[in-house]
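Report on the following structure.
Nothing in this text is a laboratory measurement; each read-out follows from the coordinates by a stated rule. Note that this is a predicted model, so its numbers are computed, not measured. With ideal geometry, Cβ positions are generated from the backbone for all residues, glycine too; neighbour counts draw on all protein chains shown.
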Amino acid sequence: MSRQRCLAVIESSEYVSIGERVRLTGTRYSTLKFYTEEGLLEFEQKEENLTRRYKRADTVARIQLIKNIKRPVGPYRR
C-alpha cells in the first residue's frame, strides 16, 4: 500500500487517483466508480500499471456538473 499524499499536493497535481478524488470532492467512492463505469468521467490507464489516473481539474469540474444536473430544480410536477 502506498502512502497517502497530503491534500495540498493533491490539489496541485495534474493527475489524481479515485481515492484522491474522493478526498477532493467529498463524493463517495462507489458513486465515483459508478460515474467512471458509465463513461461520465474520463481516465487514463497505463498498461504496465493498472491504476486509473484522472485529470484533477477536469474531474472536479465534471463531478460538480453531474451533481448540479441531478438536483431537482423547483417543485416536482407531473
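At R0 = 25 Å, how high is the FRET efficiency between A57 and F34 if r is their beta carbon distance? Nearest 0.05 is fine.
Calculated transfer efficiency: 0.70.
If we count every other residue with Cβ under 14 angstrom of S30's Cβ, Lys/Arg +1 and Asp/Glu -1, where does the sum land?
+1
Among 53-64, 27-38, how do they line up by average Cβ neighbours within 10 Å per residue, starting with the highest?
In decreasing order of mean packing, 53-64, 27-38 become 53-64, 27-38.
On each of the three principal axes of the Cα atoms of the range 7-70, give max minus min coordinate, whole Å, ordered largest first.
Result, largest extent first: 36, 28, 17 Å.
Run the quick spin-label model on T25 and L7: label points 7 Å from Cα toward the beta carbon, then report their separation in nm to one decimal.
About 1.7 nm, to one decimal.
In debye to the nearest 20, how big a dipole does the range 1-64 give about its Cα centre with +1 on each Lys and Arg Cβ and -1 on each Asp and Glu Cβ?
So the magnitude is around 300 debye.
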